[in-house]
Amino acid sequence: MAQRRVLLKMSGEALCKEGGFGIDPKIVLDLAMQVQRALSAGGLQVALVVGGGNFVRGEQIARQGIDRITGDKMGMLATIMNSLALQSALEGVGIVTRVLSAIHVNDVAEPFIHRRCLRHLEKGRVVILAGGTGHPYFSTDTTAALRAVEIGATMLYKATKVRGVYSADPVSDPEAQLYERLSFLDVLQKRLKVMDATAISLCMENKLPILVFSMKEPGNVERALNGERLGTLVE
Ligand code: UDP
């Protein structure tokens, strides 16, 4: 059976209630069940990247007096905690997973080794790519773009709080329009809030399309992974 390999990125905040902190196990379990249902049809290989903003963001904490590089390391460690929560929930619904970390944490996760990651995917395991890029001053959006290109994913799914990419902030501007399709150049030139510019550039250079969709609507993660055309496609 032909296999479609994809990477799903969600922010750390996606794992807790709106405006909350930490991890809500119910949300993580729902996510795991959606991934499990999408996988059950066969033909799909899934890599996950989760942010760390539900615990720490380097830039934010730097404004409060902790140096940026330390803050970024704390943020990267937060992504490892989130990855472990996802792993536990996925394993709980019968999915074999591996957490691969860009930072060495040998007691809790394997190191990210490119060929090993590919082998896990080929064997049908869900890989959860933790620890960001392993470098400060980057984001987990950039991590997602980088890893998606490295593993040869055909789509980067970016799960967000809103339905897709809008011409303006849909919360404050009732005139804001949802785009169905955008080019990478549109995103960069109009400074649309899809992902940071580093992530967009990487996707553009490597012709990796991004589907931005809302994970607030029940079942949307499963729908997106199944190839349903939701939200905004950036290509
Ligand atoms: N981070 C980093 N390098 C990376 C990825 C992440 O330093 O390659 C740090 C950075 O401080 C960031 C934090 O980890 O603020 C959490 O990641 P991010 O803000 O992307 O999480 P999200 O907003 O998606 O939850």
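Please count how many residues of the stretch 157-184 are within 16 Å of the ligand (Cβ to nearest atom) and of a type in the set (D, E, K, R). If you could, list the steps in order and put the result at the bottom.
Kept after step one, since they are within 16 Å of the ligand (Cβ to nearest atom), are these residues of the stretch 157-184: 157-162.
Adding the requirement that they be of a type in the set (D, E, K, R) leaves 158, 161.
The number of residues fulfilling the criteria is 2.
Where in the stretch 152-235 are the strands (runs of 3 or more DSSP E), entirely inside, with at least 2 residues that are in contact with a helix residue (DSSP H, G or I) (Cβ under 8 Å, 6 or more places away or on another chain)?
Working: elements: 155-160, 210-214, 232-234.
Because the criterion is at least 2 residues that are in contact with a helix residue (DSSP H, G or I) (Cβ under 8 Å, 6 or more places away or on another chain), the strands (runs of 3 or more DSSP E) in the stretch 152-235 that meet it are 155-160, 210-214.
Which residue pairs have Cβ atoms under 9 Å apart, sit 6 or more places apart or on different chains, and have a first residue in the stretch 49-65 that is on the phi > 0 side of the Ramachandran plot and within 6 Å of the ligand (Cβ to nearest atom) and a second that is at pLDDT 95 or above and assigned to a helix (DSSP H, G or I)?
Between residues of the stretch 49-65 that are on the phi > 0 side of the Ramachandran plot and within 6 Å of the ligand (Cβ to nearest atom) and residues that are at pLDDT 95 or above and assigned to a helix (DSSP H, G or I), there is no close pair.
With the checklist (1) within 25 Å of Gly71 (Cβ to Cβ); (2) out of contact with any helix residue (DSSP H, G or I) (no Cβ under 7 Å at 6 or more places or on another chain); (3) surrounded by 14 or more Cβ atoms within 10 Å (Cβ to Cβ) in hand, flag the one item Asn106 doesn't pass.
Single failed check for Asn106: (3).
Could you tell me whether Ala38 is over 25 Å from Ala199 (Cα atoms) and either of a type in the set (A, V, I, L, M) or within 16 Å of the ligand (Cβ to nearest atom) (or both)? First the steps, then the outcome.
Details: over 25 Å from Ala199 (Cα atoms): yes; either of a type in the set (A, V, I, L, M) or within 16 Å of the ligand (Cβ to nearest atom) (or both): yes.
Answer is yes for this residue.
Residues that are closer than 18 Å to Asp72 by Cβ and either polar (S, T, N, Q) or within 11 Å of the ligand (Cβ to nearest atom) (or both): does the stretch 118-130 have at least one?
Filtering the stretch 118-130 for residues closer than 18 Å to Asp72 by Cβ gives 129-130.
This time we only want the ones that are either polar (S, T, N, Q) or within 11 Å of the ligand (Cβ to nearest atom) (or both), so: 129-130.
The answer is yes; a qualifying residue exists.
Out of Leu208, Leu182, Leu178, report the one residue that is at pLDDT 95 or above, more than 25 Å from Ala2 (Cα to Cα) and surrounded by 15 or more Cβ atoms within 10 Å (Cβ to Cβ).
Working: Leu208 fails: more than 25 Å from Ala2 (Cα to Cα); Leu178 fails: surrounded by 15 or more Cβ atoms within 10 Å (Cβ to Cβ).
The unique qualifying residue is Leu182.
For the stretch 198-214, which residues satisfy the criterion of being in contact with a strand residue (DSSP E or B) (Cβ under 9 Å, 6 or more places away or on another chain) and β-branched (Val, Ile, Thr)?
Residues satisfying the conditions are Ile200, Ile210, Val212.
Looking at Thr154, Thr97 in this structure, which one is among the polar types (S, T, N, Q), surrounded by 20 or more Cβ atoms within 10 Å (Cβ to Cβ), away from the ligand (no atom under 15 Å from the Cβ) and in contact (Cβ under 8 Å) with a residue 12 or more places away in the chain? I'd like the intermediate steps shown before the answer.
Working: Thr154 fails: surrounded by 20 or more Cβ atoms within 10 Å (Cβ to Cβ).
Just one listed residue meets the conditions, Thr97.
Can you tell me which residues in the stretch 1-26 are in a helix (DSSP H, G or I) and in contact with a helix residue (DSSP H, G or I) (Cβ under 6 Å, 6 or more places away or on another chain)? Write out each step before concluding.
To start, the set of residues in the stretch 1-26 that are in a helix (DSSP H, G or I) comprises 12-15, 25-26.
Hits for the stretch 1-26 are Gly12, Leu15.
Any residue at all in the stretch 69-77 that is farther than 17 Å from Cys16 by Cβ and buried (at least 22 other Cβ atoms within 10 Å of the Cβ)?
Checked against the condition, which is being farther than 17 Å from Cys16 by Cβ and buried (at least 22 other Cβ atoms within 10 Å of the Cβ), the stretch 69-77 yields at least one hit.
Of all residues in the stretch 66-92, how many are of a type in the set (Ser, Thr, Tyr) and more than 10 Å from the ligand (Cβ to nearest atom)? Explain how you work it out, then say what you get.
Pass one, the stretch 66-92, residues of a type in the set (Ser, Thr, Tyr): 70, 79, 83, 88.
Within this subset, residues satisfying the condition of being more than 10 Å from the ligand (Cβ to nearest atom) are 83, 88.
Number satisfying all stated conditions: 2.
Answer yes or no as to whether Ile113 is within 28 Å of Leu208 (Cβ to Cβ), within 15 Å of the ligand (Cβ to nearest atom), modelled with pLDDT of 95 or more and surrounded by fewer than 21 Cβ atoms within 10 Å (Cβ to Cβ).
Details: within 28 Å of Leu208 (Cβ to Cβ): yes; within 15 Å of the ligand (Cβ to nearest atom): no; modelled with pLDDT of 95 or more: yes; surrounded by fewer than 21 Cβ atoms within 10 Å (Cβ to Cβ): yes.
It is false that Ile113 is within 28 Å of Leu208 (Cβ to Cβ), within 15 Å of the ligand (Cβ to nearest atom), modelled with pLDDT of 95 or more and surrounded by fewer than 21 Cβ atoms within 10 Å (Cβ to Cβ).
The values are calculated or read from the model by the stated rules, or taken from the named source; none is laboratory data. Please read all numbers here as calculations on a predicted model, not as lab measurements. So basically every Cβ, Gly included, is an ideal-geometry build from the backbone, and we count neighbours across all protein chains shown.
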